[in-house]
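Since every read-out is calculated from the coordinates, none of them should be taken as a lab result. In this text, all values refer to a predicted model and were calculated from it rather than measured experimentally. Reconstructed Cβ throughout: ideal geometry from the backbone, glycine too, with neighbour counts over all protein chains shown.
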Amino acid sequence: MGSAYTPGLTVSADIVVRRTRRLPIKGETLVAVGSEVKPDSIVARALLPGILQTIKLAEKLGVEAKDAPGMFRAQIGDQLTQGQVVAETKGLFGMFKQTVTSEFDGTVEAISDVTGNVLVREPSIPVDVTAYIQGKVADIIPEEGAIIETRCALVQGIFGIGGERVGAIRVAVSSPDEVLDAQHIKDSDAGMILIGGSGVTLAAMKRADELGVSGLIAGGVKDSDLVSFLGYDIGVAITGSEAIKFTLVVTEGFGYLAMANRTFQLFKSLEGQQGSLNGATQIRAGVIRPEVIVPISTETAAAHLAAATFELKPGTVIRMIREPYFGKIGTVTELPSTLQVLESGTEVRVLKATIAGEGEVTVPRANVEIIAAD
């Protein structure tokens with residue numbers, strides 16, 4: 001039971017994922033179970049009521065409120081277009097007529113002989129939900145959305161910003177410990193998902209934002225650079241809704257931390273393929289991980305062996321999530337069954353792991369997370 005609450009971070013070349021795509025309000029589901037969808041396929045749509053606008057008919061005509069409805073040329077339910085003449089006075093001897101035109105496109109909803117006003121409802125505002133990933137519809141949620149399933153390569157990050165985007169994968173650096181800088185980003189990278197190594201600089205983020213790059217993936221990012229780029233400190237709030245033109249996903253943590261080699265090699269094997277990514281992150285209850293999803297072909301899937309595991313045992317690859325080894329990757333060598341006393345006097349379960357450059361270390365099990373991989 002010692003591993004029951006060990007958090008997991010998935011890095012897999014072959015895994016089946018499902019993503020629920022749901023409208024914020026009741027609407028209409030547009031797909032059927034089994035339908036093939038692309039990331040930009042609309043799976044559900046709702047219509048938000050348009051803004052209710054007022055035409056001050058009596059005031060504009062210079063007549064009493066009770067007389068205004070008789071001069072109005074349309075009826076409730078009629079469609080109006082901007083600039084359309086909707087009312088006109090008789091004038092004097094056919095001259096000096098006063099006309100009123102609609103300032104809006106919309107539907108006549110009410111005509112009042114008390115206020116002399118006409119209420120016009122502007123066209124409904126469509127709210128669409130796309131599939132986000134390429135795959136098939138596994139199930140539908142009537143009037144709300146659908147559940148999309150795909151077999152893919154999946155890389156979950158530890159932190160991210162920016163919303164859902166798609167693009168082709170390009171590895172922009174030569175090694176997992178190289179920092180992604182502005183000079184690595186080409187003019188042709190607009191719409192691409194760029195893979196860095198140990199980090200991404202402030203200059204690279206600015207260049208990506210200007211160029212319209214879809215995503216930046218790297219081992220880490222400096223908190224000070226994020227604050228400078230965004231103009232504010234994110235704090236502990238859920239991310240993903242930032243007003244930026246690209247999505248950033250970091251796989252290791254804050255600072256410059258070399259991307260795990262298996263993660264870097266996986267991205268290299270996916271170069272040129274279309275992927276979906278989302279930087280939304282929540283580290284409190286109801287954890288949300290940023291992710292990169294790249295659908296794989298049936299042939300590729302058939303070539304892979306068993307899927308990922310989250311079992312904590314000797315040989316399991318883990319990441320340290322607290323000091324003094326924060327962000328470092330290790331391999332479990334032993335899982336002592338007895339509790340050990342920390343300097344604080346607390347008794348906890350620990351594990352032993354080897355870390356490159358550190359040798360074998362002993363750390364509390366609560367200070368690590370599993371990196372699930374094929």
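Here are a few things to note about the model shown:
- For chymotrypsin sites (Phe, Trp or Tyr not before Pro), the sites in the range 65-172 that DSSP calls loop and that have at most 12 other Cβ atoms within 10 Å are Phe93, Phe96.
- Spin-label pair Lys97/Val16, simplified geometry with 7 Å Cα→Cβ offset, distance in nm: 7.1
- Top of Val361, Val37, Val317 by mean-square fluctuation, Gaussian network on the chain, Cα under 10 Å: Val361
- Once Rg and the Kirkwood radius are both taken over the C-alpha atoms of the range 150-300, their ratio Rg/Rh works out to 0.94.
- Site pair Gln183 and Ile234 shows an inter-label distance of 2.8 nm when each label is modelled 7 Å from Cα along Cα→Cβ.
- Label-to-label distance for Asp139 and Lys268 is 4.0 nm, based on points extended 7 Å past Cα in the beta-carbon direction.
- Derived scalar couplings ³J(HN,Hα) [the range 128-138; Karplus, 6.51 cos²θ - 1.76 cosθ + 1.60; whole Hz; x for Gly, Pro]: 9, 10, 8, 5, 6, 10, 7, x, 9, 7, 7
- Amide H to amide H distances under 5 Å link Met192 with Ser214, Gly215, where only residues 5 or more positions off or on other chains count and H is placed in the peptide plane.
- Computing FRET efficiency as 1/(1 + (r/R0)^6) for Ser337 and Leu47, where r is the C-beta to C-beta distance and R0 is 56 Å, gives about 0.40.
- For the range 52-121, the dipole from Cβ point charges (+1 on Lys and Arg, -1 on Asp and Glu) about the Cα centre works out to 160 debye, to the nearest 20.
- Sites Val287 and Ser344, calculated FRET efficiency, Cβ-Cβ separation with R0 30 Å, nearest 0.05: 0.70
- The range 108-228: C-alpha gyration tensor shape, a/c 1.5 cut-off, then a/b vs b/c: prolate
- Taking Cα centre as origin and charging only the Cβ of basic (Lys, Arg, +1) and acidic (Asp, Glu, -1) residues, the dipole magnitude of the chain rounds to 240 debye.
- Over 31 Å between alpha carbons, listed pairs Lys136/Lys313; Lys26/Lys60; Lys136/Lys245: Lys136/Lys313; Lys26/Lys60
- Bins of 20 Å from zero: percent of alpha-carbon pairs in the chain: 24, 41, 21, 12, 3, 0
- Packing-based ranking, highest mean first, of 275-281, 202-208, 63-69, 221-227 given that Cβ atoms within 10 Å are counted: 275-281, 202-208, 221-227, 63-69
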